[in-house]
Amino acid sequence: MRPLVGKLSSSSSMWRDCWGMLADYEAGIPVTQVKPETCTITSEMGDTLQIHYTGRLMDGKVIDTSLSREPLVVELGKRSVITGLEQALVGLCEGQKIKATIPAHLAYGKRGFPPTIPGDSTLEFEVEVISLSQQTPWQKLVNDILPLLCLALVPTLLGLVGLYLYNKAQAQPHSKKKSKDKKSKKK
């Protein structure tokens, strides 16, 4: 494995957001990487990763780790981890190790996560990708096309319901009361 040092930033890298659209994130995430010699498949939004991680405050205090548990399963784009960590996980290989420094606004923000993480805390995560599963064409269809299809179907269905109700209201026969009023006027 060879160590690499880089900065994933808006000026050097574009990310795909949870809908697969290119998104430009304003703050960079400094990343130190140890990459396997052979890396044929890299992670993309929609892929599932199993990772071991250790999260620390900048003073070195450990806030969370998965080393004593099963690896954490992360599906990229589902926002199951903090934004900065999810951004750092894009473009990784199976077996790769990274050390990512995540600014507060891409972690827990001004509120923090009391009592463990104070507000405005920059975090440092050491992550090892245990396994990488790419999304299947079916998953890609469900994740990318289905939400767009639903966005188009909802207004269409509402329009059809409205049209049905309008036609039903126009086709109703006159009520008996109106008929009686007309008969009494004739007499």
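The values are calculated or read from the model by the stated rules, or taken from the named source; none is laboratory data. Nothing here was measured: the structure is a model prediction, and the numbers come from that model. Ideal geometry is used to build each Cβ from the backbone, glycine not excepted, and the neighbour counts take in all protein chains shown. To get the accessible areas, we keep the full protein, side chains included, count just its heavy atoms, and leave off ligands, DNA and RNA. Shrake-Rupley method; radii C 1.70, N 1.55, O 1.52, S 1.80 Å.
Computing Rg and the Kirkwood Rh from the Cα coordinates of the stretch 26-134 gives a ratio, Rg/Rh, of 0.96.
To the nearest 10, the accessible area of Lys168 is 110 Å² with a 1.4 Å probe. Using the Cβ-Cβ distance between Ala152 and Arg111 with R0 = 35 Å, the FRET efficiency computed as 1/(1 + (r/R0)^6) comes to roughly 0.40. Here the gap between Ile145 and Gln170, fully extended at 0.36 nm per residue and compared with their Cα-Cα distance, gives a gain of 5.2 nm. Modelled label positions at Ile41 and Asp64, each set 7 Å beyond Cα in the direction of Cβ, lie 2.6 nm from each other. For Val73 and Asp120, what is the calculated FRET efficiency with R₀ set at 30 Å and r taken between the beta-carbons, to the nearest 0.05? Computed FRET efficiency for Val73 and Asp120: 0.55.
For a Förster distance of 41 Å, can you work out the FRET efficiency between the beta-carbons of Thr83 and Leu163, rounded to the nearest 0.05?
Values: r = 42 Å, r/R0 = 1.04.
That pair, Thr83 with Leu163, gives E of 0.45.
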